[in-house]
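As structure tokens, the structure follows; a few thoughts come after it.
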Amino acid sequence: MELNHLQTTVRLESTAVEEEGSAASVSLEAEIPEALYRGMKDFIGCNPSWDQYTLMSSALASFLFQNGCDDRAVTERYLDDLFATTGS
């Protein structure tokens with residue numbers, strides 16, 4: 001695997017002040033291997049209720065939860081996605 005596939009660029013375009021009951025949102029840009037991109041594109045094509053933002057957020061929550069993150073919001077997102085249906 002080439003080094004540029006492992007490099008990740010994070011760009012904070014805007015951060016929202018987190019108020020009670022609302023989630024802040026940060027824009028993220030990352031280089032990923034083409035095979036992962038094709039897999040993401042194919043999945044979204046077969047599951048119209050998902051989009052790239054939902055998929056990436058779900059994948060990140062799953063990774064964090066499975067690797068010991070104990071943040072309640074991450075756990076809730078992980079469990080919500082775990083029991084959500086992928087069909088439309």
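Matching residues to (1) surrounded by 15 or more Cβ atoms within 10 Å (Cβ to Cβ); (2) outside any helix (DSSP H, G or I):
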{"site": "Ala35", "(1), (2)": "no, no"}
{"site": "Lys41", "(1), (2)": "no, no"}
{"site": "Gly45", "(1), (2)": "no, no"}
{"site": "Leu55", "(1), (2)": "yes, no"}
{"site": "Leu64", "(1), (2)": "yes, no"}
{"site": "Asp70", "(1), (2)": "no, yes"}
{"site": "Ala73", "(1), (2)": "no, no"}
{"site": "Tyr78", "(1), (2)": "yes, no"}
{"site": "Asp81", "(1), (2)": "yes, no"}
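On the basis of being modelled with pLDDT of 65 or more and at negative phi, does Ser14 make the cut? So that I can check it myself, show each step before the final result.
Values: modelled with pLDDT of 65 or more: no; at negative phi: yes.
Considered against the rule, which asks whether it is modelled with pLDDT of 65 or more and at negative phi, Ser14 comes out as no.
One residue stands out among those in region 58-88 that are hydroxyl-bearing (Ser, Thr, Tyr) and at pLDDT 90 or above: the one that is farthest from Ala30 (Cα to Cα), which is Thr75.
Going by the structure shown, is Glu19 at pLDDT below 85 and farther than 23 Å from Ala84 by Cβ?
Details: at pLDDT below 85: yes; farther than 23 Å from Ala84 by Cβ: yes.
It is true that Glu19 is at pLDDT below 85 and farther than 23 Å from Ala84 by Cβ.
The values are calculated or read from the model by the stated rules, or taken from the named source; none is laboratory data. Keep in mind the model is a prediction, meaning the values are calculated, not measured. Cβ atoms come from the backbone with ideal geometry, glycine included; neighbour counts cover every protein chain shown.
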